[in-house]
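The values are calculated or read from the model by the stated rules, or taken from the named source; none is laboratory data. Predicted model, so just to flag it, every value in this text is computed and none were measured. With ideal geometry, Cβ positions are generated from the backbone for all residues, glycine too; neighbour counts draw on all protein chains shown.
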Amino acid sequence: MMRAMILAAGRGERMRPLSDHLPKPLLAVGNKRLIEYHIQALVMAGITNIVINHAYLGEKIEQFLGDGRCHNVRLDYSPEHQALETGGGIYQALPLLGADPFIVVNGDIWTDYNFANLVQHALADDILAHLILVPNPPQHPDGDFSLVSDRVTTHANAQDRFTFSGIGLYRPELFAECQAGRFPLAPLLKQAMLTQQVTGALYQGDWRDIGTPERLQQLQRDLNASLNSES
C-alpha cells in the first residue's frame, strides 16, 4: 500500500508574525488547518499511512493531529532537531516510508489536485521520480523545470519552464547515495534528470504556494466567495 509524506519542518519566516507561535501547516483557512486539507485529500485517494516531518514548534503538530485516527489515518512523525531541508528530511524518514514508491507533498501549499493520479501512476523501473508541475505563479515567473514529452528537464527556453508544485512521487533509490544530514532535494532531481529518470505532468487546476500572510488571506477570500456562490 502506497504511503505519503507531508513536509512540515519549515520555519515559515515569510509567514511571520502568524508563524511565530504556530508552525505554518497549522495555520487555518476556511474551517481547517492547511495540513488537514492534505491529509483529507490523501485519504480520498486511498492513502492511510502518512509520515509528517517537523522541526520548529513540531510538538504542536503532534498535539493537534495525534495518531491520526480522527482523520482515519495512521500518522508517523519524523522529528528533526534541526531542519534538514527537503532532501535530508525525506532521507531521515525513509525507514517509515518503506521500499515502494511514495508521495511527498509540501505542507505549505493548497491545491485541489487529486492524489489518486499519483496512486494510480505506475513508475517505470528506471524512473526515480515523477513531478507535478504547475503554471508559474506571479511570485515565481521564471519557473523551475521544463517538460519534454513526459520527461522533466532543466534544459529549455524560459517560456517553456514551469514551477515545481511541491508534489511528487519518488522511489527510495533516488536517495541511494545520500548520507544523513541537511541537504536539499533539487540537486538529486537535477542529477536524475541528466539520465532522463524523472517524468512529470502539468497540472492546471487550483494550486497556491501559501508562503505569506497576504496569500493566506487571498485564499480565505476565494474560499468564502466559493461558498457564497454555492449557497
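Below, the figures for the structure above:
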{"item": "Residue 127 being part of a loop (DSSP other than H, G, I, E, B), of a type in the set (Val, Ile, Thr) and either farther than 29 Å from residue 217 by Cβ or in contact (Cβ under 8 Å) with a residue 60 or more places away in the chain (or both)", "result": "yes"}
{"item": "Single residue of 50, 35 found to be closer than 24 Å to residue 223 by Cβ and outside any helix (DSSP H, G or I)", "result": "50"}
{"item": "Members of the stretch 173-211 found to be in a helix (DSSP H, G or I) and not hydrophobic (A, V, I, L, M, F, W, C), listed by number", "result": "173, 187, 190, 191"}
{"item": "Residues that are farther than 23 Å from residue 171 by Cα and assigned to a strand (DSSP E or B), drawn from the stretch 1-32", "result": "28, 29, 32"}
{"item": "Subset of the stretch 212-222 [surrounded by 15 or more Cβ atoms within 10 Å (Cβ to Cβ), part of a helix (DSSP H, G or I) and touching a residue at least 24 places away in the same chain (Cβ under 8 Å)]", "result": "213, 216, 219"}
{"item": "Number of the exception - residue 176 against (1) surrounded by 15 or more Cβ atoms within 10 Å (Cβ to Cβ); (2) of a type in the set (A, V, I, L, M); (3) free of Cβ contacts under 8 Å to residues at least 12 places away in the same chain", "result": "(1)"}
{"item": "Selected residue (only one of 6, 52, 61, 35 is touching a Leu at 6+ places or on another chain (Cβ under 7 Å), at pLDDT 90 or above and under 17 Å from residue 165 (Cα atoms))", "result": "35"}
{"item": "Any hit, the stretch 90-101, residues being acidic (Asp, Glu), under 25 Å from residue 187 (Cα atoms) and surrounded by 18 or more Cβ atoms within 10 Å (Cβ to Cβ)", "result": "no"}
